[in-house]
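Enquirer: Here it is, the structure, as structure tokens.
The values are calculated or read from the model by the stated rules, or taken from the named source; none is laboratory data. Just so you know, these numbers come straight off a predicted model, no measurement behind them. Glycine also receives a Cβ, built like all others from the backbone with ideal geometry; neighbour counts cover every protein chain displayed.
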Amino acid sequence: MSETNSIPSAVISEKNTLIIDGRMVTIGSERNLLELIRSAGINMPTFCYHSDLSVYGACRLCIVELQGRGIVTSCTTAPEPGMVVSVNTAELRRIRRITVELLLASHDVNCPTCAKSSSCRLLDLVARLGVSTVRYRSRAAKQPIDTSSLSLVRDPNKCVLCGDCVRVCQEMQGIGALDFAYRGSKVQVLPAFGQGIGEVECVNCGQCSAICPTGALTVKSDIDRVWQALHDPSKVVAVQIAPAVRVGIGEAFGLAAGETHIGQIAAALRQMGASYIYDTAFAADLTVLEEGTEFLKRFRLGERLPQFTSCCPAWVKLAEQRYPDMLENLSSCRSPQQMFGSLIKQELAKETGRSSDDIFILSIMPCTAKKFEAARPEFSTGGRPDVDAVITTQELARMIREACLDFTSLEPDSLDMPFGFKSGAGILFGASGGVAEAVLRFAGEITAKRWLNPAEFHRVRGLEDTREACIDLGGVNLSVAVVNGLAAAQRLVDDVRAGRKRYDLIEAMACPGGCICGAGQPSMEGNAVRVARQQGIYRLDTMLQMHKSQENPYLQQLYKNVLQEPGSHIAHELLHTHYRPRRRTGAHEIDFDTGEEQSEGAAVHIEVCVGTNCHIKGSHDLLHNLIDHIDKNSAGHLVDVSPTFCYEACDRGPTVKFNDEILEKCTFEEIAGRLDRELEQLASREATEVGKIRDES
Amino acid sequence: MNEILDSFNNDPYRLIAILQSVQEEYRYLPEPVLSYIATNLGLPRARVFGVATFYAHFSLQPKGKYVVRICDGTACHVNRSQSLLDLMDERFKLNDNKPTTDDMLFTLEKVSCLGACGLAPVVVINDRVYGQVNVDKLGAVLDEILEDEERRR
């Protein structure tokens, strides 16, 4: 404090400056004091502050002392000229230390075996703040670990309630699968009704696990299954490596972000026992031809536009949950991972003369949702999945360490032919905008009927969450949108549905920046890493000899020998799929009966779906009018009307179950008419029966 | 349900008021009802669940026909409110872990201060307030309710 007091008041009142620990600092465009302190070179600790998300002020670690105002959190305080800020005082250090101590007291400290131990921010803070003892007793009751998801594991015993996952899911992805529940000492971060994270609307993007500072949300590990296959002499393990993995894995070994290490990955995998090492980018080239051909056909006929890309499994699940009536706009192409799985399993079985059951396809992905995708029932052949196991970049790094390999000194090896050969377009899939750019390099050239410089489509590159470009192809205009982050994607789709925007092609990716920033990549913070990885992808594209998927000679050969032509019958069988509406609520039946109004003697039972999509299409009014109609006819004792959730025909809603029959695209008039007829029949039947009884008596 | 939502214009900012009205209707907040509210208001289900579990006023469990609120605030506590809680445990096996009888007749709620400390210990059964309650008095009230219920059957 004495330092700050010694500064002449004339300096303090100078416009646009303030004092931090005795140093004069100029206020720039920083949104809050925390950003200013950090830009002044002070690495202020925080849990809950992320520049992309809203300010929350929960972790209390970024506290500072403001002269005349006392202790405040710097993330929630705007910098003002003349402020005198202390960051490093005995009192502040003591408070920060107690805060961390308290967090440790309610934290399940099994650090050595925790999946996050190498990147745990709590552990880092304990070391940085010099916390050496925990004087508080821990909470007794342990909560069960949620393993319901194929992609994620939620361990509530390690949650520090920073709310990062809640905000990333809500603000960045627009899903809101997690939120705070209960109160006081019982507060927890939970999916709705405490259901498993795999049973709710979670799309498996894993951004919650990437942002989680502790081991409360982690990626489900499939490492053991992969080792088992690698050690099994009866198995032939063929590996595919996604484009983004090669520009991310170096960071796990302390190398610079964005550097390419595909050679080291190949060498490591071969030493670990993999038989064939291929490239997902080959399958990405294949995707370009299939998806591009599909797009050209739709574009020519002007139907099912805009065409959405379908490479991102988190986006696909969101579309199935939220936009069932737009599923036909999704490209029917499987993702490169799944194209690779079905095709290579078949081709390798042919080549090696082994049963396809002996071929084990291993995917190395930057993505957690790919684990979910590989387990989708439509991506299996003869009861066995086309892709047998998916591990993330981080899991691969862990396996390399477990195999006692020194990644940095590995002699780079090459990928195997022919499925290790790719064009630059295939590599582009790793960055947001890459799929659109790759498809344009193919479809654009065909539409323009001339050779095009690949650089013409660089306009779809960038870091903004939504980008658009109108591309002139010799008189034909192609309107393209690229969106990353599912909240932005939902805003864009809502614009398209409302007719405010019109596009021909939309690329949608869940993770900000695309696959390079997938939740399976080494943990990262800040934009610099994102840019470095993106540049790494673009550099790879530039360095490869071919930039267009259609130029890939091994792909041409594959079409000649196996697939005939893009969109052929066999291509459809192996490379395409279909989507189905998916209920958001998991196995959650609705039952509005309160036990008082049950009409047990009802002759007609009507259930009206009030799920999201039927609701949007007016099931709410339908239900309302129907109840009025029944009341008007005083038929309440004969008819039992109840709302229900989801018959999984969301694209054909509103759906109504009339007795045992499920009706689609219902209107009130239709249901009311049907009900009237039913009641009439009932009345006449009753009349005859009454007549009969009368006759008998 | 729809009437309640309509009366609040399906406004997500009025979630708490909507939950209050719905609970009045159903006596508790069933999960499917919360899902339905979330869908109608365009809110994530986890958010609605979070709000419903934050406030002690909201219950996600069905409550019995008679809600017995026993005050365990300071004044009632020193006037032996614990003996009343013990009575509920003895007679109906009701406690913190099991608040409602299997026949859905009684729900026990331990509350902190009903604002009638001069009458301590205080018990409120549904909307009726009983002051200076002891074990015998509470026992008699409960007997009365049981007899009443028996007669109705």
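Enquirer: Does the range A:563-582 contain at least one residue that is within 14 Å of chain B (Cβ to nearest Cβ), modelled with pLDDT under 80 and in a loop (DSSP other than H, G, I, E, B)?
Expert: Within the range A:563-582, none of the residues are within 14 Å of chain B (Cβ to nearest Cβ), modelled with pLDDT under 80 and in a loop (DSSP other than H, G, I, E, B).
Enquirer: When the range A:224-234 is examined, which residues are found to be surrounded by 15 or more Cβ atoms within 10 Å (Cβ to Cβ) and under 13 Å from A:GLU402 (Cβ atoms)?
Expert: Listed by number, the residues that qualify are A:VAL226, A:TRP227, A:LEU230.
Enquirer: Consider B:ILE18 carefully, then state whether it is within 21 Å of the chain's Cα centre (by Cα), assigned by TED's automatic domain parsing to the domain that holds B:TYR130 and buried (at least 16 other Cβ atoms within 10 Å of the Cβ).
Expert: Answer is no for this residue.
Yes/no matrix, rows are residues, columns are (1) under 25 Å from A:CYS202 (Cα atoms); (2) facing chain A (nearest Cβ under 7 Å); (3) modelled with pLDDT of 90 or more:
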| residue | (1), (2), (3) |
| --- | --- |
| B:ILE4 | no, no, no |
| B:ASN10 | yes, no, no |
| B:ALA17 | no, no, yes |
| B:ARG27 | no, no, no |
| B:PRO32 | yes, yes, no |
| B:THR39 | yes, yes, no |
| B:ARG45 | yes, yes, yes |
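Enquirer: Yes or no: A:LYS317 touching an Asp or Glu at 6+ places or on another chain (Cβ under 9 Å) and either of a type outside the set (Val, Ile, Thr) or buried (at least 19 other Cβ atoms within 10 Å of the Cβ) (or both)?
Expert: Taking the combined requirement at face value, the residue satisfies it.
Enquirer: Next question, about the same structure. So A:ALA438 fits all but one of (1) surrounded by 24 or more Cβ atoms within 10 Å (Cβ to Cβ); (2) of a type outside the set (S, T, N, Q); (3) not in a helix (DSSP H, G or I); what number is the exception?
Expert: Condition (3) is where A:ALA438 drops out.
Enquirer: If you scan the range A:518-530, which residues turn out to be assigned to a helix (DSSP H, G or I) and either at pLDDT 95 or above or touching a Pro at 6+ places or on another chain (Cβ under 8 Å) (or both)?
Expert: Passing the criteria: only A:ARG530.
Enquirer: If you don't mind, there's one more thing I want to ask. Considering every residue within the range A:405-427, establish whether at least one is assigned to a loop (DSSP other than H, G, I, E, B), within 30 Å of A:SER149 (Cα to Cα) and touching a residue at least 24 places away in the same chain (Cβ under 8 Å).
Expert: no
Enquirer: From the residues in the range A:146-203 that are among the small types (Gly, Ala, Ser) and in a loop (DSSP other than H, G, I, E, B), which one is nearest to the other protein chains (Cβ to nearest Cβ)?
Expert: A:GLY176
Enquirer: In contact with a strand residue (DSSP E or B) (Cβ under 8 Å, 6 or more places away or on another chain), surrounded by fewer than 24 Cβ atoms within 10 Å (Cβ to Cβ) and under 19 Å from A:GLN338 (Cα atoms), is that true of A:VAL187?
Expert: Against the criterion (in contact with a strand residue (DSSP E or B) (Cβ under 8 Å, 6 or more places away or on another chain), surrounded by fewer than 24 Cβ atoms within 10 Å (Cβ to Cβ) and under 19 Å from A:GLN338 (Cα atoms)), A:VAL187 does not qualify.
Enquirer: Here's something else I'd like to know. So, of the residues in the range A:609-625 that are small (Gly, Ala, Ser) and crowded, with 20+ Cβ neighbours inside 10 Å, which turns out to be farthest from the other protein chains (Cβ to nearest Cβ)?
Expert: So, considering only residues that are small (Gly, Ala, Ser) and crowded, with 20+ Cβ neighbours inside 10 Å, the one farthest from the other protein chains (Cβ to nearest Cβ) is A:SER619.
Enquirer: Here is a further query. Can you tell me how many residues within the range A:204-226 are hydrophobic (A, V, I, L, M, F, W, C), more than 14 Å from chain B (Cβ to nearest Cβ) and more than 20 Å from A:PRO112 (Cβ to Cβ)?
Expert: 4
Enquirer: Next up: If a residue has to be of a type in the set (Asp, Glu) and touching a helix residue (DSSP H, G or I) at 6+ places or on another chain (Cβ under 7 Å) to count, how many in the range A:444-500 make the cut?
Expert: So the count comes out to 1.
Enquirer: Among the residues of the range A:626-650, how many are in contact (Cβ under 8 Å) with a residue 60 or more places away in the chain and crowded, with 19+ Cβ neighbours inside 10 Å?
Expert: Count: 4.
Enquirer: Of the residues A:GLY353, A:GLY341, which is among the small types (Gly, Ala, Ser), within 29 Å of A:LEU217 (Cα to Cα) and in the same structural domain as A:ASN484 (by TED's automatic domain parsing)?
Expert: Only one candidate qualifies: A:GLY341.
Enquirer: Moving on to the next point. Being hydrophobic (A, V, I, L, M, F, W, C) and over 18 Å from A:GLU402 (Cα atoms) is the filter here; which residues of the range A:235-260 pass it?
Expert: Selection gives A:VAL236, A:VAL237, A:ALA238, A:VAL239, A:ILE241, A:ALA242, A:ALA244, A:VAL245, A:VAL247, A:LEU255, A:ALA256, A:ALA257.
Residue-wise test of (1) modelled with pLDDT of 85 or more; (2) on the phi > 0 side of the Ramachandran plot; (3) out of contact with any helix residue (DSSP H, G or I) (no Cβ under 6 Å at 6 or more places or on another chain).
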position	(1), (2), (3)
A:LEU622	yes, no, no
A:SER634	no, yes, yes
A:CYS650	no, no, no
A:LYS657	yes, no, yes
A:PHE668	yes, no, no
A:ARG674	yes, no, yes
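Enquirer: Can you tell me which of (1) within 27 Å of A:PHE308 (Cα to Cα); (2) in contact (Cβ under 8 Å) with a residue 60 or more places away in the chain is the one A:ASN329 doesn't meet?
Expert: Here A:ASN329 meets the rest and fails (2).
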